[in-house]
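Asker: Structure in structure tokens, see below.
The values are calculated or read from the model by the stated rules, or taken from the named source; none is laboratory data. Given the structure is predicted, the values throughout are model-derived calculations rather than measurements. As a convention, Cβ positions derive from the backbone with ideal geometry for all residues, glycine included, and neighbour counts pool all protein chains shown. To get the accessible areas, we keep the full protein, side chains included, count just its heavy atoms, and leave off ligands, DNA and RNA. Shrake-Rupley method; radii C 1.70, N 1.55, O 1.52, S 1.80 Å.
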Amino acid sequence: MRADGKKLKKVDPMYKVAAHIMDKRVDSMNMITIDIPHSPMQDYINKKRKENISISHMALVLSAYVRTLAKYPELNRFIVNKKAYARNEIAVGMVVLRSIESHDGTMSKMYFEKSDTIFDVNNKINAYVNENRESPENNGTEKIMKFLLSFPGLLTFGVKLFKFLDRHGLLPKFIIDMSPFHMSLGITNLASIRTNHIYHHCYEFGTTSIFMAMGNMREVPKRKGDEIIFERSMPIGVTMDERICSGSYFSTAFRYMRSLLSKPELLEQPPEEIIEDTGK
């Protein structure tokens with residue numbers, strides 16, 4: 001029994017076979033770009049600003065993703081040692097620049113609940129960013145990296161040990177909590193550094209099954225009646241481990257996420273229903 005998830009008892013035979021054929025995450029990565037219309041998000045941000053509430057694009061995207069997990073929990077699965085697991089937490093990793101002027105970043109994780117509203121998510125992001133900028137020495141990821149680099153040869157031995165323990169479900173929870181490689185979702189806002197979206201790799205070590213990279217706004221052609229118009233959109237490059245669920249499931253879940261971002265007010269209230277991944 002892993003500390004961060006429970007082994008799935010019933011898995012589609014095709015995915016059991018796939019986990020053996022594609023036994024590395026790098027073998028099973030699929031990529032897609034999701035274009036999110038910018039106007040509904042910006043209108044909502046402007047509306048909240050008039051109410052003295054500051055909401056970021058990152059908060060909107062993450063809130064929509066957390067809400068999507070409440071309805072489509074299979075997105076929160078992961079594969080380790082050819083076995084499928086249902087994750088028992090929502091852990092999101094994000095790099096934070098140490099200062100606005102700095103190019104150096106630090107990374108740890110935020111934790112969310114499926115019942116979180118946009119306001120809960122926004123507050124957690126703000127607290128996470130402030131903590132990592134004001135007290136980076138308290139960052140668990142930083143601590144474990146400094147420890148591994150403190151003695152010659154310890155890094156090589158430590159990483160091999162962690163990989164062995166993780167592969168056999170023996171990695172202690174406190175290590176998992178400090179690890180930036182064990183997360184439900186990795187996310188980065190490259191638009192904040194004026195960069196286009198990318199397809200970020202999902203790490204081979206750890207349990208990261210999905211990574212999202214938000215990029216510079218762009219104009220996307222769209223048919224409106226007999227005309228072709230250009231819609232200002234936020235592109236999100238998504239990298240997925242295809243072994244955790246079917247392509248149809250991914251597609252339906254991301255369409256739902258996109259629909260939430262077209263009506264952000266829906267995120268102000270907790271979900272009406274939360275579907276748990278029972279692992280059966």
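Asker: Out of all the residues in region 79-98, which are hydrophobic (A, V, I, L, M, F, W, C), open to solvent by less than 30 Å² (accessible area, probe 1.4 Å) and either in contact (Cβ under 8 Å) with a residue 60 or more places away in the chain or more than 18 Å from Leu190 (Cβ to Cβ) (or both)?
Answerer: Hits for region 79-98 are Ile79, Val80, Ala84, Ala86, Ile90, Ala91, Val92, Met94.
Asker: Would you mind stating whether Gly158 is open to solvent by less than 10 Å² (accessible area, probe 1.4 Å) and over 22 Å from the mean Cα position of the chain (by Cα)?
Answerer: Yes, satisfied.
Asker: Tally up the residues in region 225-244 that are in a strand (DSSP E or B), of a type in the set (D, E, K, R) and either over 17 Å from His38 (Cα atoms) or open to solvent by less than 70 Å² (accessible area, probe 1.4 Å) (or both), please.
Answerer: Number of matching residues: 3.
Asker: Tell me which residues, restricted to region 36-54, are within 12 Å of Glu265 (Cα to Cα) and β-branched (Val, Ile, Thr).
Answerer: Answer for region 36-54, where residues must be within 12 Å of Glu265 (Cα to Cα) and β-branched (Val, Ile, Thr): just Ile45.
Asker: When region 127-149 is examined, which residues are found to be at pLDDT 70 or above, part of a helix (DSSP H, G or I) and open to solvent by 60 Å² or more (accessible area, probe 1.4 Å)?
Answerer: Scanning region 127-149 gives Asn130, Glu131, Arg133, Glu134, Lys143, Met145, Lys146, Phe147.
Asker: Hey, another quick one. Could you please let me know if Leu170 is open to solvent by 60 Å² or more (accessible area, probe 1.4 Å) and of a type in the set (A, V, I, L, M, F, W, C)?
Answerer: yes
Asker: Shifting gears a bit: Among the residues of region 245-280, which ones are surrounded by 15 or more Cβ atoms within 10 Å (Cβ to Cβ) and modelled with pLDDT under 95?
Answerer: Hits for region 245-280 are Cys245, Asp277, Gly279.
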